[in-house]
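Participant: This structure is in C-alpha cells; I'll ask about it shortly.
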Ligand code: NAI
C-alpha cells in the first residue's frame, strides 16, 4: 500500500462529519488501496464529541485507517493535508442578517484558508461543504495565495445527485440511465439545475431529457424542487440533510481524484470567465476531471432561458463577494 494521505475534516463532530468520517476511513473517498490519516478539526466545545468519534473509528478496525488526530488548532489539523473537507460552519440563527452570517463564516474560513496555505500538502484539494459554501470557499482561497485557486471548490454535487434522482423517479428509469445534468451558480435556492444537455437511455436509445419531460414539469416542479430540496428534507426529516451531503462530498472528491471519464458532473470551481460568469467567482459549472484539476466543460449552447437563470444565481454570488469584500474578508 502507498503511504497514507492526510484527510482533514472540519466540523467532524457535526451531523455531516459523523456521516462522513467512517466512509472515508473505509476507502470510499480515495479508493480501496489508499490508506488515510484522519485529522478532525473541531471547536473546543465539541472536541470531546470528536474524540468519541475517534474511539468509534478505532473500533471499526478499518484496514486503511493509519491514524486519527483530534484538534482545535487549524495548523495541526491541516498539516500535510492532501484533502481538506471544510464542513464546520456557523449556521444562520434566528434574526441573523446575511451580513452577520457572512462575517461569522469569514472568521472561520479566512484563518482556515491561511492554515491550509501554510501547512497543507502542495497538491491539496479543498472542498467546502459548510454554507454559504461558494463564498466560504472564495474566502478560504483568498487567504491561500500560494495555492492555485483551482484547488478550492464548493459542493454542488448534492444538488446534482438530487436532480438525477428527480428525473429518474419522474421517468421511472434507473439513475444510471441519466447523463449530462448540470447545476449552475450558487449552492442556494437561486441555483439552476439544467436539463438542456441531459440525455436519458430509454429502450436502447439515448434521448434528450427535455423530449421526455414536459416543460411545465421542468420549470415549475423540477427546478424549484431540486433548488429547495434542503428545506424539504428539514421539513420531513426534522433535521437537515447529512448522509446525502456526506455522500455527495465523497462523490466530488472521488471523481476529482480518479477522473470522470467521458461524463461530466457539477462542482463549484473558480470561474475563468466561462459562460459569462465573472472571473474569480466560485460558481457551479459542468466539470470534468482527468485526475488533475477540474476543467470546465466548454462549448455548451446556453439559450435565453438558461442564460437568465444562470445570471440570477451569479448575481447572488457577486452580491456575496461584494459583501465579504466590504467586510475586509477577501
Ligand atoms: P452541524 O451543526 O451538525 O455540525 C457543524 C459542526 O461544525 C459542529 O460540530 C461545530 O462544532 C463545527 N464547527 C463550527 N465552527 C467550526 C470551526 N471554526 N472549526 C471546526 N469546526 C467547527 O452541521 P451539519 O449538519 O454537519 O452541516 C455542516 C454545514 O454543511 C452547514 O453549514 C450546512 O449548512 C452545510 N451543508 C451544505 C450542503 C451542501 O450541499 N453544500 C448540504 C448540507 C449541509
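The values are calculated or read from the model by the stated rules, or taken from the named source; none is laboratory data. Keep in mind that this is a model prediction, so the values were computed, not measured. Every residue, glycine as well, gets a Cβ built from its backbone with ideal geometry; the counts of neighbours run over all protein chains shown.
Participant: Residue 111 is checked against (1) under 18 Å from the mean Cα position of the chain (by Cα); (2) near the ligand (Cβ under 10 Å from one of its atoms); (3) modelled with pLDDT of 95 or more and fails just one. What number does that condition carry?
Facilitator: Going through the list (1) under 18 Å from the mean Cα position of the chain (by Cα); (2) near the ligand (Cβ under 10 Å from one of its atoms); (3) modelled with pLDDT of 95 or more, residue 111 breaks only (1).
Participant: OK, next. Just wondering, is there one or more residues in the stretch 199-218 that are closer than 28 Å to residue 320 by Cβ, assigned to a helix (DSSP H, G or I) and either in contact with a helix residue (DSSP H, G or I) (Cβ under 6 Å, 6 or more places away or on another chain) or not assigned by TED's automatic domain parsing to the domain that holds residue 16 (or both)?
Facilitator: The answer is yes; a qualifying residue exists.
Participant: Let me ask something else. Could you say which residue among 15, 61, 51 is farther than 19 Å from residue 256 by Cβ, more than 16 Å from the ligand (Cβ to nearest atom) and surrounded by fewer than 19 Cβ atoms within 10 Å (Cβ to Cβ)?
Facilitator: 61
Participant: Separate question: Pairs please, first residue from the stretch 180-199 and under 16 Å from residue 168 (Cα atoms), second anywhere and modelled with pLDDT under 95, Cβ atoms under 8 Å, 6+ apart in sequence or on different chains.
Facilitator: 180/263
Participant: Of 241, 266, 284, which residue is within 15 Å of the chain's Cα centre (by Cα), buried (at least 18 other Cβ atoms within 10 Å of the Cβ) and assigned to a loop (DSSP other than H, G, I, E, B)?
Facilitator: 241 is the lone residue from the list that is within 15 Å of the chain's Cα centre (by Cα), buried (at least 18 other Cβ atoms within 10 Å of the Cβ) and assigned to a loop (DSSP other than H, G, I, E, B).
Participant: Within the stretch 15-53, track down each residue that is under 14 Å from residue 76 (Cβ atoms) and either outside the structural domain of residue 85 (by TED's automatic domain parsing) or in a helix (DSSP H, G or I) (or both).
Facilitator: Listed by number, the residues that qualify are 44, 47, 50.
Participant: Looking at residue 106, is it within 20 Å of the chain's Cα centre (by Cα), in the same structural domain as residue 51 (by TED's automatic domain parsing) and either under 25 Å from residue 18 (Cβ atoms) or within 15 Å of the ligand (Cβ to nearest atom) (or both)?
Facilitator: Taking the combined requirement at face value, the residue satisfies it.
Participant: Name the pairs whose Cβ atoms lie under 7 Å apart, with the first residue in the stretch 4-15 and in contact (Cβ under 8 Å) with a residue 40 or more places away in the chain and farther than 11 Å from residue 86 by Cβ, the second part of a loop (DSSP other than H, G, I, E, B) and more than 10 Å from the ligand (Cβ to nearest atom), and 6 or more positions between them or separate chains?
Facilitator: Matching pairs, first to second residue: 4/35; 5/30; 5/34; 6/80; 7/29.
Condition check ((1) surrounded by 13 or more Cβ atoms within 10 Å (Cβ to Cβ); (2) assigned to a loop (DSSP other than H, G, I, E, B); (3) out of contact with any helix residue (DSSP H, G or I) (no Cβ under 7 Å at 6 or more places or on another chain)) across all residues:
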| residue | (1), (2), (3) |
| --- | --- |
| 279 | no, yes, yes |
| 291 | no, yes, no |
| 298 | no, yes, no |
| 302 | yes, yes, no |
| 310 | yes, no, no |
| 320 | yes, no, no |
| 328 | no, yes, yes |
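Participant: Considering only the stretch 64-73, state which residues are within 11 Å of the ligand (Cβ to nearest atom) and part of a loop (DSSP other than H, G, I, E, B).
Facilitator: Those that are within 11 Å of the ligand (Cβ to nearest atom) and part of a loop (DSSP other than H, G, I, E, B): 72, 73.
Participant: Inside the stretch 180-191, can you point out the residues that are more than 17 Å from residue 211 (Cα to Cα) and surrounded by fewer than 24 Cβ atoms within 10 Å (Cβ to Cβ)?
Facilitator: Within the stretch 180-191, 188, 189, 190 qualify.
Participant: Here is a follow-up. Is the stretch 250-273 home to any residue that is more than 18 Å from residue 127 (Cβ to Cβ) and modelled with pLDDT of 95 or more?
Facilitator: Yes.
Participant: To continue, here is another question. Return the pair list, or none, for Cβ contacts closer than 7 Å from residues in the stretch 84-97 that are over 13 Å from residue 133 (Cα atoms) and in contact (Cβ under 8 Å) with a residue 12 or more places away in the chain to residues that are part of a loop (DSSP other than H, G, I, E, B) and more than 10 Å from the ligand (Cβ to nearest atom), at least 6 apart or on different chains.
Facilitator: 84/78; 84/120; 84/124
Participant: Additional query: What's the number of the condition residue 79 fails, among (1) within 8 Å of the ligand (Cβ to nearest atom); (2) more than 19 Å from residue 251 (Cα to Cα)?
Facilitator: So residue 79 meets the others, but not (1).
Participant: Name the pairs: first residue in the stretch 121-139 and closer than 14 Å to residue 149 by Cβ and in contact (Cβ under 8 Å) with a residue 60 or more places away in the chain, second residue away from the ligand (no atom under 12 Å from the Cβ) and in a loop (DSSP other than H, G, I, E, B), Cβ to Cβ under 6 Å, at least 6 apart or on different chains?
Facilitator: These pairs meet every condition: 139/329.
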